[in-house]
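In what follows, a single structure is set out as structure tokens and then discussed.
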Amino acid sequence: MEEKLKPTISCSCGPLSLSEEKNAECYQCGIPITGRPLKFEVNGKMEDFCCFGCYLINKTTGLRGEEGTALAFLGRFGFGYFLSMLVMMLSMYIYGSHFVDPNDPEMKLFVGFIKWIILAFSTIVMAVLGIPILKNSFSKENILNFNTDTLIAIGAFSAYFLSVYSVFTGKNAIYFETATMILVLVTFGRYLETSSRVKASNFMKKLMDLTAKKAVILTESGEKEVPVEEIKVGDIIRILPGEKIPADGVIVSGIGHIDESILTGESKPVLKKDGDVVYAGTTSIDGSFKVKVDKPQSQWTLNRFIEIMKQIRNTKAPINRLADRIAFYFLPIIFFLAISSFIYWFYMSGFEKALIVSLSVLLISCPCAFSIGAPLALWIGLGQAMKDGIIIKSAEVLEKLSAVKTVFLDKTGTITEKVMEVSVFEGSEEIKNIIYSLEKHSQHPIAKSFILWCEDCKEREVKNFKVHFGLGVSGEIDGKVYYLGSEEFMRAIGVSTDKFESLKQKAVENGEVVIFLSDDRDVIGFVSFKQKIRKEAYIAVEALKKLKIDIKVLTGDREYFAKTIRKELGIDVISGLLPEDKLRIINEEKSKGRVVAMVGDGINDAPALAAADIGIAMGCGTDLTRESANISLISDDLRKVPLVILLSKKVKRVIYSNMFWAFIYNIIGIGLAISGHLTPIFAALAMVLSSAFVIGNSIRVKAY
């Protein structure tokens, strides 16, 4: 059975087996080439193609990917439609000839001549539209595997060969119009499906179009314009107002606003200055910059976006795999029903009626709506999320997100502003330099807040730096070990904080965060930080409540600030937690059978993000590959958490409605076909309409 279910990917002219070995990709359709590629010249360069059909599409349309395939389908549809209309009109004349004298020799000769013309036109249609479908149905990969094209090929070619036999034998069983019109309608349906995927992937195309084609590099001899592909790490590039930034890097000179909306979803321009990071694909609005490229092209944010989109496009959610499984078992049942119907109607009404009924059963049952209902909605949803600066790592994550019942939020940098203000500092200038030096090695939001405040500090060399998770940090400076962290950390190393008790109590009353600096004998420094709840946190919490999701805040801070959050946001806060405590709470919630999401900054919260069913990392910037997170938010906007959950619920509703209506359509259609109330042409038309309905329903995801 495993061999039978070996996965395949179909391009416009046939299936290709997937190979685990990494091979060349087809220049046109982008899928891996498992065998020896065909090489053709495109724009003066030899490119690899999986088959001649893909080369022909590229040559005739000039477009790559599904957009070229969609245009090819449209061209084939137009050509086939023109000939099929001629076939249908001439067939009407044949049918009308039954009402005149059949013994008239001139009429008999003319009717015979018309039949040969119809045969010629029909053969062209079958070759252009039917052979690709026939090839996909009975290739060596699909010989033991029923698929949608198998139904279409059997139906259309049965009608065609029966008609050919009738022409050569002088019989009247002519069904050329049925055979050709079936293929025309199916081709039009394929055009609708492919063009809808093109629209769904427009955001990825937009990302690719954002890439600057050339860059100006500053060299010792002056400025030099080079293709973007030649940019190397360490190059200094010049950007003028209105220009796209060609590479990720750090500003070494310049100040101005940059439009980063394509990456973050935020329409407000961002002020950038010396030392700030800029991303490829964004646009300088009013600033002139010199930027030093700090990473290779494969790690540029825009390229990572495109790579992630390619990866998630090939993933399948459980509902998608369920649709594939239904289609796999559905097709043999349809063959059985078609054969049974043929036998029944053959004995009841003769061969022609039996053939028409069996063809109708085959065509009305094509599970096109099943096959596109789930992946199309998922792909549109994933693309829409990325457009808003939300990177979802797979289709399975998007589906699972819709079932989330509890959301745990980290406090610092999530509920509160990431950067805090230093409220009180107690200690000498030397103490300030020591704290600054230790915090320079830390990624904690408190560390970053102190560094921003301490502009005139001098950094000292730190040896044996160590992070004590949930407590603080330690390090050796000038041969002496220092400890920096919470009151609990001081207790753990046996140092009293009574020296700063009054400052601590006042800070506690004001809801501030407190840290201490000590050597191995005594506390020698004190810093308190003001925290502010994010403005968007109020909106995000309210939105999550409307979605009937339980919200809890997990924090290592003491109870004093937890009270403030409870009062301001009206949600549960669990304080005084170590990292292992957060894991325990998350696992306890999961043990109740609830799907749990954890929202944090993706650095200090990595264990909790990994333990949750869905880990959501905020403020990822260029770091899109955090292993602990299933979802990465490029910005710090907490409102995107309920937004992505709402999107997942909308996608799930659309998928299930697609599956429901596809199922109902097939049940009703099969019933009408078996009872003899549906002709093959109307069955093919109904199949196209069902696909059009699924496409239209899936596009609704954009309006979430």
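Please treat every number below as a calculation from the coordinates, not as lab data. Everything numeric in this text was worked out from a predicted model, so none of it was measured. FYI the Cβ positions are ideal-geometry reconstructions off the backbone, even for glycines, and counts take in every protein chain you see.
Per-structure values
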quantity: Of LYS411/LYS499; LYS273/LYS295; LYS45/LYS213; LYS45/LYS232; LYS432/LYS466, those spanning more than 22 Å from alpha-carbon to alpha-carbon; calculated: LYS411/LYS499; LYS45/LYS232
quantity: Extended-chain gain in nm, criterion 0.36 nm per residue less alpha-carbon gap, GLU476 and VAL252; calculated: 77.4 nm
quantity: Neighbour-count ranking [beta-carbon atoms within 10 angstrom, fewest first] of LEU438, LEU331, LEU633; calculated: LEU331, LEU438, LEU633
quantity: For PHE408, PHE693, order by how many other beta-carbon atoms lie within 10 Å, fewest first; calculated: PHE693, PHE408
quantity: Convex hull projection area averaged over all views, region 421-530, Cα basis, nm²; calculated: 6.2
quantity: Gained length - LYS232 relative to VAL42, 0.36 nm times residue gap less alpha-carbon distance; calculated: 65.7 nm
quantity: Per-residue Cβ neighbour rank within 10 angstrom, fewest leading, LYS45, LYS295, LYS535; calculated: LYS45, LYS535, LYS295
quantity: Cα-Cα separations in region 212-300 greater than 14 Å, expressed as whole percent; calculated: 59
quantity: Theoretical FRET efficiency, 1/(1+(r/R0)^6), r = Cβ-Cβ of THR679 and ILE699, R0 45 Å, to 0.05; calculated: 0.90
quantity: Entries in LYS387/LYS535; LYS272/LYS640; LYS448/LYS545; LYS400/LYS545 that, when Cα-Cα distance is taken, lie over 21 Å; calculated: LYS387/LYS535; LYS272/LYS640; LYS448/LYS545
quantity: Mean separation of Cα contacts under 8 Å, 6 or more apart, over the residue count of region 421-530: relative contact order %; calculated: 29
quantity: Taking N as its residue count, the alpha carbon Rg of region 516-575 over 2.2 N^0.38 Å; calculated: 1.54
quantity: Using a Förster distance of 30 Å, the FRET efficiency for LYS548-ILE664 (Cβ separation, nearest 0.05); calculated: 0.55
quantity: Extended-chain gain in nm, criterion 0.36 nm per residue less alpha-carbon gap, GLN505 and LEU240; calculated: 90.1 nm
